[in-house]
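Written below as structure tokens is the structure these notes are about.
The values are calculated or read from the model by the stated rules, or taken from the named source; none is laboratory data. Keep in mind that what you see is a predicted model, and the values were worked out from it rather than measured. Note that we place each Cβ from the backbone using ideal geometry, even for glycine, and neighbour counts take in every protein chain shown. Each accessible area value is taken on the protein alone, full model and side chains, heavy atoms only, with ligands, DNA and RNA left out. Shrake-Rupley method; radii C 1.70, N 1.55, O 1.52, S 1.80 Å.
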Amino acid sequence: MWCPFMNSSLGTPQSYQTMWENVLSGLHTATGDIFCPQDCIGAGGLTLSNLESWFSALRQAVNTKQGLSMWSDVETFEPYGSAYISATIGRVVSQLKIEQPYVDNYVSWEYCYYDSPYNTDPGYQATYINYFNTGSLETMPPTTPQNFTAVLQTDGDIALNWNASTDSIGVCGYYVYRNGKLITINQVAITNGGTGNNALLTYYTDEGLSSNTSYIYQVTAYDFAGNISSSTHLDTVKTNNFNVVSYNCKYTVSAKPSSNYPDQNGKKLTDGIFASTAYYADPAWVGFISPDTLNVVIDLGQVMPVQQFLGEYLLDPQPAVFLPTQVNVSLSSDNVTFTNLEKLVVNGANDTSANTFKYYYTLSNTVNARFVKFSTLAQSGAWVFVDEYEVLAPVVTGIKTQTSTVPKTFALSQNYPNPFNPSTNINFSLEKPSNVTLAVYNILGQKVATLVNSYMQAGSYTYQFNASKLASGIYIYRIEAGNFVSAKKMILMK
């Protein structure tokens with residue numbers, strides 16, 4: 001038996017047919033010898049849609065040798081991200097039916113790993129035995145997941161939760177959708193001989209989301225035959241509002257970009273212009289060839305509060321452009337001592353085709369920094385293509401701009417009305433762009449509210465302060481803007 005590896009990215013059905021006709025013409029074969037291609041769907045990159053064209057071509061090659069049989073190695077797994085998961089029995093049966101006109105028999109070497117009740121949920125085995133005995137797959141879908149919620153977290157992530165579905169044989173997993181696109185699969189896992197946990201999760205945290213954006217979520221359940229439940233209701237969540245504070249900021253890089261994909265004037269990574277296509281020749285991309293670690297340090301110009309960080313990378317396997325193995329972010333006020341935060345998370349990293357990917361990290365609260373370092377760990381021998389880095393800060397709420405004229409001085413005005421119940425207006429002016437903190441203290445000097453903590457442009461502003469949660473009394477409001485510090489009293493009378 002010959003079991004050659006198949007890889008759809010290295011040829012076409014016709015080229016494989018020609019190659020095997022040439023190989024077989026030089027071999028001595030006897031009746032009973034078997035040609036059995038392996039890994040066509042599992043690792044070879046084929047799909048159910050193009051499976052027939054490949055098996056038809058290979059069958060024609062086998063027919064050139066009298067007495068040679070053709071079998072199929074039926075994969076019971078499929079790729080998911082950088083790993084493999086068990087295929088539903090419905091997917092396996094579909095593969096059998098497509099291949100049937102072209103093969104003399106079937107074999108499967110991986111059933112004991114991906115389908116055995118000793119290594120994963122017994123639902124796979126029960127569904128297959130039911131199909132084997134009856135000749136048809138069971139068709140009853142699972143119940144719809146109930147009590148589905150999507151909730152925005154303090155760090156900008158969105159937490160999804162739902163109650164477990166039920167099924168006559170068992171629930172294989174859940175499909176999670178964002179804006180109508182599948183973003184993850186929660187499926188019963190392989191236990192690797194009993195050392196792992198195959199509990200089916202009924203929650204998912206969606207990370208690395210864009211600011212000030214509405215996302216729509218829904219979940220469906222599926223069983224081991226591949227039957228899919230009705231969808232949950234749609235749940236919409238809007239993320240927090242952030243401003244990009246790194247546009248057109250200067251930066252340094254630890255490795256020189258390739259001359260074929262240059263960084264003219266050192267501005268392409270912060271100019272706010274994103275690539276329009278997932279194609280390495282798009283002029284927005286900057287290409288680096290195999291740096292072990294690529295450090296890009298952005299200078300924001302002055303110390304300011306920041307909270308969210310973004311980097312966009314390209315995956316294009318054909319020309320060996322691969323995603324980073326890891327992206328870290330660290331902060332500094334002096335460009336000497338950096339404080340590491342966390343590695344950035346990536347949305348859609350389970351995709352395997354050419355695409356753009358945004359790596360994000362969001363802090364629970366703002367921190368002050370001037371220099372932001374993005375450290376990209378590359379795959380050995382691979383290209384790293386970067387489009388844009390962004391540093392973001394929260395948009396100040398409750399603020400109204402009074403005039404477009406730039407004030408000549410810094411100033412803090414008396415609040416009005418005063419006394420007040422429960423709302424009052426606080427006016428302040430900024431002579432130049434500054435890191436602004438506006439806070440309220442009680443008569444004992446204890447901070448009771450932070451109204452503003454943000455980098456703001458020069459101008460005159462009004463903050464509308466609501467003190468409905470405070471007790472009557474005298475309060476102090478205090479502003480810091482650069483070197484300017486001022487404080488005033490106000491009276492809350494309920």
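If the condition is being surrounded by 15 or more Cβ atoms within 10 Å (Cβ to Cβ) and over 30 Å from Ile183 (Cα atoms), then segment 120-130 contributes only Asn130.
Being at pLDDT below 90, closer than 25 Å to Asp121 by Cα and of a type in the set (A, V, I, L, M, F, W, C) holds for only one residue in Ala83, Ala87, and it is Ala83. Out of the residues in segment 20-31 meeting the condition of being under 18 Å from Tyr102 (Cα atoms) and open to solvent by 50 Å² or more (accessible area, probe 1.4 Å), tell me which one is nearest to the chain's Cα centre (by Cα). This residue is Glu21. Among the residues making up segment 403-440, those that are crowded, with 19+ Cβ neighbours inside 10 Å and outside any strand (DSSP E or B) are Phe410, Asn415. Quick one: what pairs do we get from segment 13-34, first residue over 12 Å from Gly67 (Cβ atoms), second hydroxyl-bearing (Ser, Thr, Tyr) and open to solvent by 60 Å² or more (accessible area, probe 1.4 Å), C-beta under 8 Å, 6+ apart or different chains? Listed by first residue and then by second, the contacts come to Glu21/Thr64; Ser25/Thr64.
Does Gln302 meet the test of being in contact with a Phe, Trp or Tyr (Cβ under 7 Å, 6 or more places away or on another chain) and within 30 Å of Lys432 (Cα to Cα)?
On the way: in contact with a Phe, Trp or Tyr (Cβ under 7 Å, 6 or more places away or on another chain): no; within 30 Å of Lys432 (Cα to Cα): yes.
Answer is no for this residue.
With the structure loaded, tell me whether Ser468 is open to solvent by 50 Å² or more (accessible area, probe 1.4 Å), within 44 Å of the chain's Cα centre (by Cα), in contact (Cβ under 8 Å) with a residue 12 or more places away in the chain and over 30 Å from Leu300 (Cα atoms) or whether it fails that test.
Numbers: open to solvent by 50 Å² or more (accessible area, probe 1.4 Å): yes; within 44 Å of the chain's Cα centre (by Cα): yes; in contact (Cβ under 8 Å) with a residue 12 or more places away in the chain: yes; over 30 Å from Leu300 (Cα atoms): yes.
So Ser468 passes the test.
Considering only segment 343-363, state which residues are modelled with pLDDT under 80, closer than 25 Å to Leu152 by Cβ and open to solvent by 60 Å² or more (accessible area, probe 1.4 Å). Residue satisfying the conditions is Asn350 alone.
Given the condition open to solvent by less than 20 Å² (accessible area, probe 1.4 Å) and within 30 Å of Lys250 (Cα to Cα), answer yes or no: does some residue in segment 481-493 qualify? So far as segment 481-493 goes, yes, one or more of its residues are open to solvent by less than 20 Å² (accessible area, probe 1.4 Å) and within 30 Å of Lys250 (Cα to Cα).
The single condition among (1) open to solvent by 30 Å² or more (accessible area, probe 1.4 Å); (2) modelled with pLDDT under 90; (3) assigned to a strand (DSSP E or B); (4) closer than 30 Å to Ile185 by Cα that Asn328 does not meet is (2).
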